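The structure appears below as structure tokens.
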Amino acid sequence: MNLNDPIFADENKARAYFESIRWPNGPVCPHCKGTERVYRLEGQSHRPGLIHCNDCDGSFTVTTGGVMESSHIPLTKWALAFRLMAASKKGISAHQLHRMLGITYKSAWFLAMRVREAMGLPPAGRGTVGGPGKIVEVDETELAKSRKTKVRGGRSRSKNVSFVALVERDGKVRSAVIDGSKMMEVRNIVRTNLDGESILHTDGAQFYKALMPVGQHESVDHNKMYARDSNNGRVHTNTAEGYFSLFKRGLVGTYQHISPAHLPRYLAEFDFRMNNRVALGVNDDTRTERAVKGAEGKRLRYQGPSAA
């Protein structure tokens, strides 16, 4: 990463950078999607980067309708935050962003959450993992126990914090928090996210059985062995376990603790970097641009239904 890049020091260059990613063919009104009758408002009476649309009589900037909307943090700092979070394999803490960007810890924490929101897949068009003849490993892991909660009778108990990952061998990954009945939750997650023509590799857990047609599911009993050979190739879940190891190193070395309420966004961050890794032909520049592009159409507020 070149810290001398003007987008990290010049607000106008940073704005041009974000505009080039969001609007490669010129400004598009986020209110009415108009492109023909939009023009920039110049002069000291208008804030920098303001654009007006004559079709709907609305005004907007490159941050309107995205995770950066209503933020008072300079665009130069947003550009650096996107780059740092996209390029850091095991993540970067809000405290580190607070020190590097020169903003308050509260601002750094919320900025990081907004970037994670941008990295997450949109609800529509998520697609599935795998495909005809592709091997997808599925496994689940437990991170820790959350704080104790009161249950009937005044007793306390701790809730396990777990997630499941679908990892396409030499391909992409999709993770989801397990919240509720482990067996039913895992089965529903797999059904929702796995291409039905894939070859499923799992451990010997009972809840994976009967998820796929006969011949499309291979399992390995980890009480006896770590891997075995079959007609569908080497059967193991080592790729998924390697992904768990990467996430847990980030948890221990960078974040120390992740609240269960925010776990989905941290998973989205690690999934994003894994799905846009060098082995798949994506470098730091492209990965950052994809994260910035993902910010469009998403909002995350301090308060309200979208806050977490």
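Values quoted throughout were computed directly from the atomic coordinates according to the rules given, and no laboratory measurement underlies them. What you see is a predicted model, and the numbers here were worked out from it, not measured in a lab. Here the Cβ positions follow ideal geometry from the backbone for every residue, glycine too, while neighbour counts run over all protein chains shown.
A few notes on this one:
- Each Lys or Arg adds one and each Asp or Glu subtracts one; over the other residues with Cβ under 13 Å from the Cβ of Thr286, this totals +3.
- Net lengthening on full extension, Gln44/Glu197 (0.36 nm per residue, minus Cα-Cα): 49.1 nm
- Each residue of the stretch 207-223 was assigned a 3J(HN,Hα) from its phi angle through the Karplus expression (A = 6.51, B = -1.76, C = 1.60, θ = phi - 60°), giving 6, 8, 5, 6, 7, 10, x, 4, x, 10, 10, 10, 10, 10, 7, 6, 6 Hz with x at Gly and Pro.
- Antiparallel DSSP beta bridges within the chain, as percent of all bridges there, nearest 5: 75 percent
- Residue exposure sequence - Cys29, Cys56 - by fewest surrounding Cβ within 10 Å: Cys56, Cys29
- The label point for Arg249 and the one for Ala227, both projected 7 Å from the Cα toward the Cβ, are 1.8 nm apart.
- Each residue of the stretch 51-56 is assigned a 3J(HN,Hα), and the resulting list reads 10, 10, 10, 6, 5, 10 Hz, derived from the Karplus form 6.51 cos²θ - 1.76 cosθ + 1.60 (θ = phi - 60°), x at Gly and Pro.
- Sparsely packed GluC sites (Glu not before Pro) within the stretch 1-60, loop by DSSP, other Cβ within 10 Å at most 14: Glu36, Glu42
- Taken one residue at a time, the phi angles of the stretch 128-135 give Karplus couplings (6.51, -1.76, 1.60, θ = phi - 60°) of 10, 9, x, x, x, x, 8, 8 Hz. Gly and Pro are set to x.
- Our helix-only sum for the chain, with -39,500 (n - 2.57) per DSSP H run of n ≥ 4 divided by its residues, gives a mean residue ellipticity at 222 nm of -9500 deg cm²/dmol.
- Residues Leu280 and Asp179, FRET efficiency given R0 of 45 Å [Cβ-Cβ distance, rounded to 0.05]: 0.95
- 5 angstrom amide H check on Leu143, placed H, neighbours 5+ away: Val161, Ser162, Phe163
- Proximity of backbone amide H atoms, modeled 1.01 Å from N, is registered between Arg234 and no other residue at under 5 Å, excluding neighbours fewer than 5 places apart on the same chain.
- Estimated inter-spin distance, Glu142 and His31, nm [label 7 Å along Cα→Cβ]: 5.4 nm
- Rounded if a/c under 1.5, otherwise prolate or oblate - the stretch 1-145, Cα gyration tensor axes: oblate
- Against the main long axis of the alpha-carbon atoms of the chain, helix 284-293 sits at an angle near 80°.
- Anisotropy class of the stretch 135-266 from Cα gyration tensor, a/c 1.5 cut: prolate
- Approximating the spin labels as points 7 Å out from Cα along Cα→Cβ, the Ala210-to-Arg126 distance works out to 2.5 nm.
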